[in-house]
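Heads up, the thing below is written out as structure tokens.
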Amino acid sequence: MAKKEYIIPIFIPFLGCPHDCAFCNQVKITNFKDKLDKDKLIEEIEKNLSYFPGEKADELAFFGGSFTGLDEDVMIAYLDVAKSYKDKGIIDRIRLSTRPDYINNSILDILKEKSVDVIELGIQSLDQKVLDYNERGHKIEDSYKASELIKEYGFSLGHQIMPGLFMDEYEKSIKTAIDSANMNPNMVRIYPTLVIKDTKLEALYNLGVYNPLDLEKAVELSAELYMIYRAKDIDVIRIGLQTTENINEGVDVVAGPFHPAIRQLTESLVYRKYLEELIERENIDRDFTIHTDNRSISIIAGNKKSNKKYFYQKYGINLSFEADKSDFISLEDRKIKLNLDGFIYSYVKETYGGDLILD
């Protein structure tokens with residue numbers, strides 16, 4: 001089981017971003033609207049540290065806005081505070097998020113000097129028309145150039161993509177993931193597009209011009225994107241916006257595929273595809289037991305046991321589970337080793353291998 005990470009989130013909505021993208025309302029998304037000065041930053045760090053064992057954190061992460069679009073003096077002041085905690089060994093990493101067009105050599109020189117470790121780029125889409133329709137304000141070339149520079153400087157690179165934007169299509173989202181994966185980021189976040197209050201996207205939705213993905217289609221698409229990245233050994237660190245007081249159905253989420261456990265739904269669908277392939281390849285026609293760890297059991301069974309119901313209704317097979325350190329299926333007369341990564345690699349190679357650069 002992965003070690004629990006202790007992360008200090010610092011939100012800077014709009015402070016570094018003069019753009020007004022159609023989908024964006026950072027005040028709603030981050031649930032934070034006050035200007036963050038240096039003293040408040042220290043106060044926020046100390047408050048978070050008080051909750052953590054040993055008052056230490058794995059990471060301090062600047063979220064919201066576009067960090068490298070801040071006034072340079074403000075950006076440096078924030079980074080000086082973060083670096084002081086890192087130099088003392090109180091935090092291990094400094095992470096920030098920004099736009100592709102807010103990265104250049106002079107900015108990266110500053111970030112390197114201030115001991116930043118991870119830079120996440122909100123690339124959203126790698127289709128120029130989708131970017132333009134959503135008033136993103138930069139070219140896809142900016143995403144390629146920024147990604148290359150970040151890696152050249154030795155930072156860990158993250159990508160954030162938003163399938164289901166206005167004028168996006170299934171094939172365009174798939175191509176965005178393939179093109180992104182071919183840039184070899186270290187990590188990625190997948191944010192199926194939600195309609196947030198007080199955005200241009202809400203106006204388009206109310207006019208009937210924009211139709212967001214429904215939950216089922218968003219999960220199906222996210223599963224494909226997830227497998228594309230996994231096949232390249234790229235860590236998918238998040239699927240879906242984090243639930244907050246505001247980011248919830250009936251509050252500031254007007255429409256779109258919101259679900260507090262959308263990652264679990266996505267991973268469950270991937271397992272369903274794998275088990276179905278296994279059942280048909282191995283000619284399994286009877287009940288079997290899946291041996292795996294406790295977290296995987298809940299994912300494989302599916303939300304409200306949806307996968308268990310699926311396999312019984314389609315194949316007449318009952319799935320049972322047993323917590324185990326090894327991953328395998330046991331039948332009356334044999335065992336079959338589970339290899340999800342192998343399935344994902346084969347599936348992606350067969351489905352997208354012509355475009356995706358696989359090792």
* For Glu135, which of the numbered conditions (1) closer than 22 Å to Thr193 by Cβ; (2) open to solvent by less than 50 Å² (accessible area, probe 1.4 Å); (3) not in a helix (DSSP H, G or I) fails to hold? -> (2)
* To do: Tell me, please, whether a residue that is hydroxyl-bearing (Ser, Thr, Tyr) and either open to solvent by 50 Å² or more (accessible area, probe 1.4 Å) or not in a helix (DSSP H, G or I) (or both) can be found in the range 96-105.
  => yes
* Structure fact -> For the range 165-188, the count of residues that are open to solvent by less than 10 Å² (accessible area, probe 1.4 Å), out of contact with any His (no Cβ under 9 Å at 6 or more places or on another chain) and in a loop (DSSP other than H, G, I, E, B) equals 1
* Structure fact -> Going through the range 106-132 in order, the residues found to be part of a helix (DSSP H, G or I) and either open to solvent by 40 Å² or more (accessible area, probe 1.4 Å) or closer than 19 Å to Pro192 by Cβ (or both) are Ser106, Asp109, Lys112, Glu113, Gln128, Lys129, Val130, Leu131, Asp132
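Take the range 60-75 and flag every residue that is closer than 24 Å to His159 by Cα and surrounded by 15 or more Cβ atoms within 10 Å (Cβ to Cβ). So that I can check it myself, show each step before the final result.
Looking only at the range 60-75, we keep the residues that are closer than 24 Å to His159 by Cα, and these are 60-72, 75.
Result: Leu60, Ala61, Phe62, Phe63, Gly64, Gly65, Ser66, Phe67, Thr68, Gly69, Leu70, Met75.
Can Val270 be described as closer than 30 Å to Leu165 by Cβ and modelled with pLDDT under 95? Lay out the reasoning, then the answer.
Details: closer than 30 Å to Leu165 by Cβ: yes; modelled with pLDDT under 95: no.
So Val270 does not fit the description; no.
Just one of Ile317, Ile299, Ile290, Ile329 is closer than 17 Å to Tyr274 by Cβ, β-branched (Val, Ile, Thr) and over 32 Å from the mean Cα position of the chain (by Cα); which is it?
Numbers: Ile299 fails: over 32 Å from the mean Cα position of the chain (by Cα); Ile290 fails: over 32 Å from the mean Cα position of the chain (by Cα); Ile329 fails: over 32 Å from the mean Cα position of the chain (by Cα).
Going through Ile317, Ile299, Ile290, Ile329 in turn, just one is closer than 17 Å to Tyr274 by Cβ, β-branched (Val, Ile, Thr) and over 32 Å from the mean Cα position of the chain (by Cα): Ile317.
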* Asked: Out of (1) surrounded by fewer than 16 Cβ atoms within 10 Å (Cβ to Cβ); (2) at pLDDT 95 or above; (3) of a type in the set (Gly, Ala, Ser), what's the single condition that is false for Ala57?
  -> (1)
* For the range 83-102, what are the residues that are touching a residue at least 40 places away in the same chain (Cβ under 8 Å), closer than 18 Å to Ile12 by Cβ and more than 21 Å from the chain's Cα centre (by Cα)? -> Tyr85, Ile91
* Of all residues in the range 29-39 being open to solvent by 90 Å² or more (accessible area, probe 1.4 Å) and in a helix (DSSP H, G or I), the one that is modelled with the highest pLDDT -> Asp39
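The values are calculated or read from the model by the stated rules, or taken from the named source; none is laboratory data. Since this is a predicted model, take the numbers as computed values, not measurements. Note: ideal-geometry Cβ built from the backbone for every residue, glycine included; neighbour counts use all protein chains shown. Just so you know, the surface numbers come from the protein's heavy atoms only, side chains and all, with ligands and any DNA or RNA stripped out. Shrake-Rupley method; radii C 1.70, N 1.55, O 1.52, S 1.80 Å.
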